[in-house]
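Engineer: Got a structure here, written out as structure tokens. Questions coming.
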Amino acid sequence: VLLASTVAVADGQADHDSKEISNYVLTEATLAKYTQAVKNLGKLGRNMPGACDDSDEAKSLNDIAARMDATPEVKAAMRSAGLSSHEYLVFSMSLLQNGLAAWALEQPGGKLAPGVQMANVNFYRAHDADFKKLGEETKSGDCGEDDRANEPEE
């Protein structure tokens with residue numbers, strides 16, 4: 001019974017996070033803050049303790065935000081940009097969702113997925129070049145497989 005209720009809580013949190021992301025409205029003001037936060041985080045780089053550590057799987061946006069806030073440099077980077085870690089994550093996930101929706105709509109027979117707001121897709125499309133530029137500026141800070149390719153073999 002305890003296990004079943006734990007799973008139900010986790011599923012409920014995931015549903016809550018999904019709804020929050022779908023209902024989020026992308027705005028110019030938050031884009032400016034998000035851009036500054038990304039640049040601030042990029043300055044911190046991968047050398048920060050725990051930057052690429054994904055050993056403990058987070059269960060919700062709140063869990064991930066709490067992890068971010070537990071690192072003073074990250075919390076300061078968010079604050080100086082005018083965002084909370086939670087809003088940074090929601091904005092990021094909304095960008096991903098709406099970027100995928102924009103791509104899907106360009107495919108033959110593409111339709112808007114349930115819960116996705118066309119206004120956000122249009123916002124994404126209008127700023128696509130900005131997102132690509134921001135992605136290029138921060139590419140070297142990503143934690144991915146490419147990083148391991150440059151490590152010396154033992």
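Engineer: Sort out which residues of region 17-29 are out of contact with any Phe, Trp or Tyr (no Cβ under 6 Å at 6 or more places or on another chain) and buried (at least 17 other Cβ atoms within 10 Å of the Cβ), and write them in order of number.
Structural biologist: Asp17, Ile21, Ser22, Tyr24
Engineer: May I ask you to list the residues in region 33-51 that are at pLDDT below 90, basic (Lys, Arg) and touching an Asp or Glu at 6+ places or on another chain (Cβ under 9 Å)?
Structural biologist: Arg46, the sole residue that qualifies.
Engineer: Here's a follow-up. Pick out the one residue from Asp63, Asp128, Asp54 that is acidic (Asp, Glu), open to solvent by 70 Å² or more (accessible area, probe 1.4 Å) and modelled with pLDDT under 95.
Structural biologist: After ruling out the rest, the residue left standing is Asp54.
Engineer: Across region 105-128, what is the number of residues that are among the small types (Gly, Ala, Ser) and under 21 Å from Asp17 (Cβ atoms)?
Structural biologist: 3
Engineer: Quick one: count up the residues across region 99-125 that are without any contact (Cβ under 8 Å) to a residue 60 or more places away in the chain, aliphatic (A, V, I, L, M), open to solvent by less than 40 Å² (accessible area, probe 1.4 Å) and closer than 18 Å to Tyr24 by Cα.
Structural biologist: So the answer is 3.
Engineer: Of the residues Leu61, Leu89, Leu96, only one is free of Cβ contacts under 8 Å to residues at least 12 places away in the same chain and within 12 Å of the chain's Cα centre (by Cα); which?
Structural biologist: Leu96
Engineer: Something else about it: Would you please name the residue that is farthest from Ser80 (Cα to Cα), looking only at residues in region 32-46 that are more than 13 Å from the chain's Cα centre (by Cα), surrounded by fewer than 18 Cβ atoms within 10 Å (Cβ to Cβ) and not basic (Lys, Arg)?
Structural biologist: Ranking the candidates gives Gly45 first.
The values are calculated or read from the model by the stated rules, or taken from the named source; none is laboratory data. As the structure is a prediction and not an experimental result, all values here were calculated from the model. Virtual Cβ from ideal backbone geometry, glycine too; neighbours counted across all protein chains shown. Please note that ligands, DNA and RNA were not included when accessible areas were found on the heavy atoms of the full protein model with its side chains. Shrake-Rupley method; radii C 1.70, N 1.55, O 1.52, S 1.80 Å.
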